[in-house]
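Working notes, structure below.
The values are calculated or read from the model by the stated rules, or taken from the named source; none is laboratory data. Treat the numbers as computed from the prediction; the structure is a model and nothing was measured. Using ideal geometry, Cβ is built from the backbone for each residue, glycine included, and neighbour counts are taken over all protein chains shown.
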Amino acid sequence: MSSHLPFNTTMISHLFTPLPPDGADDATPGFLLLLQGSSLLLRAGTAQELFSDETVPANIRPHGGLIRIGLWQGKPLRAARIPSDVPVPDGCEALPFQGPDFTLDNTLATIAGRGAQILHWERRSRFCSHCGSAVARIPGGWGKRCPACGEDHFPHIHPCIIVLVRRGDKLLLIRNAAWSVGRFSLVAGFLDFGESLEECVQREVREEAAIEIANIRYVGSQCWPFPSQVMVGFLADYAGGEVKADGVEVAEADWFPEDDLPMSPGGKRSIARWILETYGGKS
Ligand SMILES: [Zn+2]
């Protein structure tokens, strides 16, 4: 099931209870989700363990700026960003939660991603984008309200489609111009104004590979907190045209035999890999 992909809530629902940020925080000792760049700071020498108020080294203990995002194993979990120029002290290791080959386990990667997404929103939502005044929190959630002009602002989560297109026993893969030679993945892209998700799938396949598709069906989705997307996965069947890369955004586009696929750039925890493994096998 796609809900079991890393970064989706199901991955941590046995450990984590989300809480609204404005609830009373009685300063009960708890765990610290300390992020530095795209890494999570953990106790070195443990089996990947979050710092607690008792175990955090003094030189990375944040002074203010901690936001309680919920409960972790029943105790308050507070998140903060550590500036990138703060050296990682002894007793601490920084493990990436982003990238194709990270070693952090799925639960910690998921909570790190959630923390990163929340901190990104908090950092970007301090002022009203309509009039520039400082905003206040709307009780009970992560939204903000502008006291000057009354505008409400809610977390920005950007939908992206990703689609596996099949033609008999061949699959459509593309190489983004920014990827190294030999790495391919599925057609993907951001939802545009006025589009349904299916229309977005159709347009992206047209733009990236110049073909028409039919029989578009939803298969699952994944939170992608880099910084704040939701990847919405689809399957589709080839319906016409000749595959051709646009040569700008997409360097190569082609059909590949389902039993002989090239390297995928998304990493083993991405929905791209999940779709290929779940639906890319023998037709
Ligand atoms: Zn305003």
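Within the stretch 238-256, take every residue that is of a type outside the set (Ser, Thr, Tyr) and in contact with a Lys or Arg (Cβ under 6 Å, 6 or more places away or on another chain) and give me the one that is farthest from Lys170 (Cα to Cα).
Ala251
Given the condition more than 16 Å from the ligand (Cβ to nearest atom), aliphatic (A, V, I, L, M) and at pLDDT 95 or above, answer yes or no: does some residue in the stretch 119-127 qualify?
yes
Which of the following residues is surrounded by 15 or more Cβ atoms within 10 Å (Cβ to Cβ), modelled with pLDDT under 95 and of a type outside the set (Lys, Arg): Leu95, Leu171?
Every option except Leu95 fails the conditions.
If you take the residues in the stretch 1-47 that are under 20 Å from the mean Cα position of the chain (by Cα) and among the aromatic types (Phe, Trp, Tyr), which one is nearest to Phe234 (Cα to Cα)?
Selected residue: Phe7.
Would you call Trp121 part of a loop (DSSP other than H, G, I, E, B), in contact (Cβ under 8 Å) with a residue 40 or more places away in the chain and over 14 Å from Leu50 (Cα atoms)?
Criteria not met by Trp121.
Let me confirm something: among Gly91, Gly99, Gly113, which residue is in the same structural domain as Phe16 (by TED's automatic domain parsing), over 30 Å from Arg273 (Cα atoms) and of a type outside the set (S, T, N, Q)?
None of the others qualify; the one that does is Gly91.
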